[in-house]
Amino acid sequence: MAYEEPITDYDYKVENCTCAFCGCNCDDLVYLVKGGEVKGELKDGTIISGYVDGGHVVGVRHACRLGASKILEDMDQRLLVPMIRDEKGNLVETDWDTALDKAANLIANAVRPVFYGWSETSIETMHYGLELGELVGAVLDNQATICHGPSLQAVQNAGYPVMTLGEVKNRADMIVYTGNNAMNSHPRHLGRYSTFPRGYFRKRGRFDRTVVTMDPRYTDTAKMSDIWVGFEQNGDYEFYNAMRAVLRGKKLEKDIIAGIPKEDIESLVEEMKNVQFGALFFGLGLTHTLSKQRNIDIAINLIQDLNKFSKWNLIPMRGHFNVNGFNIFMAFQQGFPYGVDFARGYPRYMNGETNTIDLLTREEPDVFMVIAADPGAHFPSGANRHLTNIPVIQIDIHWGPSTELADVVLPGSFIAVEAAGTSYRMDGVPIYMKQAVSRPETARDDEWIVNELLKRVQKIKGIKPKVAGK
Ligand code: SF4
């Protein structure tokens, strides 16, 4: 693949770029740019400030394969011009005014609009989306509704003993991965944050840490761990309960618990009690097995129990680079992390009622706006069936199954490459993602598109835009 070859044919370097793929938000990338004109300051071939107008990223350093494959995008799949679906059912190219007016009219006249996605765009874009959602009484929801939603519910139930990835790098001497395969899903997590880096108190890096994988599958992460605990599928809740019982000084009555001999559980608990700083990272393998949010409740309770002996924290392995950002932003602004319903003029959040899949399955929405997400690829067919019956507005950079469902397509720009913005890493640390090159001339920034929709809907409804600071 092209990005495996050393790239020598480039004109400029842009340093300290951020990867907009997974929740690691690696912010040490170097983009190699060919062509274009520098709009900003250049020193020895490296962009100090600004971006390259008309340049194209031809190489990327420090990114893993997942990140690099996204950054070195396939332009064949790129959405470049606005489109609307004609009466024959074909998407036809149009101008921005026509597409935005059509989308704004659909939103302004909707009774039960849903705005779904947001996890691959900036917090700045979400600001305008929230204002628009409040104005028209929409439901705002993100991908947490189908991934770490149960984790967020558990945090509300049991608390959130969270840490930063910087603390992990500098302090952690035991790393536990459970229900996730970080080596494949977050490939630089071990190298940059948890296992291999040398930290202030962990000068020898990997040699100063014990790595444990608790997972029914012998994953690539399990292969490079010191200890693999392969409990039974759906045995998570029982296994964590057994660990808690041992921590509280109880004797285990069964010899085998969730497929693991009780002696192994006792010795693992003993090791976990005696570390200086433990870090547990859990993924959807824990969140979505039989006991769902109760698995996370019990994992949080386990961490709280361990804190009676040592210092322990946990972090969910968030997938999209800003899925955590939407949850933090919405919780900060409105008090609820996802599935927030403004239909009554104030925010409501009720799992099973105000989540996108439930709403679609009940055939409630009459307009659906999807931004930086692909429900066409990820939603169950029952939910997608309703999307074929209602107008769908898509804001995205790539053609995907959702484009086939869309009636209005508004091509956005690639955050962290063509547009700047803020995201929140999996540990809740905000990261500013800078722009490296200009966007395609015919596309627009997500932030501009959503703000433009807001202004047009305000005009249709005869509402004066808010004046900043008032
Ligand atoms: S680990 Fe995640 S954020 Fe880091 S380079 Fe890979 S895909 Fe990008």
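The table below lists the values:
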read-out	value
Residues with amide H under 5 Å from that of residue 58, placed H, sequence gap 5 or more	32, 33, 34
Per residue solvent-accessible surface (Å²) - the chain, probe of 1.4 Å	42 Å²
Bridge type composition, the stretch 149-316 - antiparallel percent by DSSP, nearest 5	10 percent
Probe 1.4 Å, all protein chains present, accessible-area order of 209, 248, largest first	248, 209
The chain: projected area of the alpha-carbon convex hull, averaged over directions, in nm²	24.4 nm²
Karplus 3J(HN,Hα) series, Hz, for the stretch 13-21 with 6.51 cos²θ - 1.76 cosθ + 1.60 (x for Gly, Pro)	10, 10, 9, 6, 7, 10, 7, 9, 10
Hits among aspartates and glutamates - C-alpha to C-alpha of residue 39 under 17 Å, sequence gap 8 or more where chains match	11, 15, 53, 418, 441
Average projected area [Cα convex hull, the stretch 312-429], square nanometres	8.9 nm²
Folded to 0 to 90 degrees: helix 149-158 orientation relative to the chain principal axis, Cα	50 degrees
Cut-off under 5 Å, modelled amide H: who pairs with residue 214 long-range	177, 178, 179, 229
Distant-in-sequence amide H partners of residue 425 (H built 1.01 Å from N, under 5 Å)	431
Length-normalised contact order of the chain in % [C-alpha pairs under 8 Å, at least 6 apart]	23 percent
Surface accessible to a 1.4 Å probe, residue 439 within the full protein complex, Å²	80 Å²
In sequence order, calculated HN-Hα J values of the stretch 211-220 (Karplus, 6.51, -1.76, 1.60; Hz; x Gly/Pro)	10, 10, 10, 10, 6, x, 9, 7, 7, 4
Share antiparallel - DSSP beta bridges, the chain, percent rounded to 5	45 percent
³J(HN,Hα) computed for each position of the stretch 181-190 - Karplus, 6.51 cos²θ - 1.76 cosθ + 1.60, integer Hz, glycine/proline x	10, 4, 4, 9, 8, 9, x, 9, 4, 6
Sulfur and carbon atoms: percent of accessible area, the stretch 2-72 [1.4 Å]	47 percent
Heavy atoms of residue 455 accessible to a 1.4 Å probe, total area in Å² rounded to 10	100 Å²
The stretch 149-316 - percent of accessible surface contributed by carbon and sulfur, probe 1.4 Å	49 percent
Euclidean distance between Cα centres, the stretch 229-258 to the stretch 41-114, Å	49 Å
Value of [θ]222 nm, deg cm²/dmol, for the chain, DSSP H segments ≥ 4, -39500 (n - 2.57) each, nearest 500	-9000 deg cm²/dmol
Degrees between helix 446-460 axis and first principal axis of the chain (Cα, 0 to 90, nearest 10)	50 degrees
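The values are calculated or read from the model by the stated rules, or taken from the named source; none is laboratory data. Remember, predicted model here, so these are calculated numbers, not experimental data. Note: accessible area is taken over every heavy atom of the protein model, side chains too, but ligands, DNA and RNA are not part of it. Shrake-Rupley method; radii C 1.70, N 1.55, O 1.52, S 1.80 Å.
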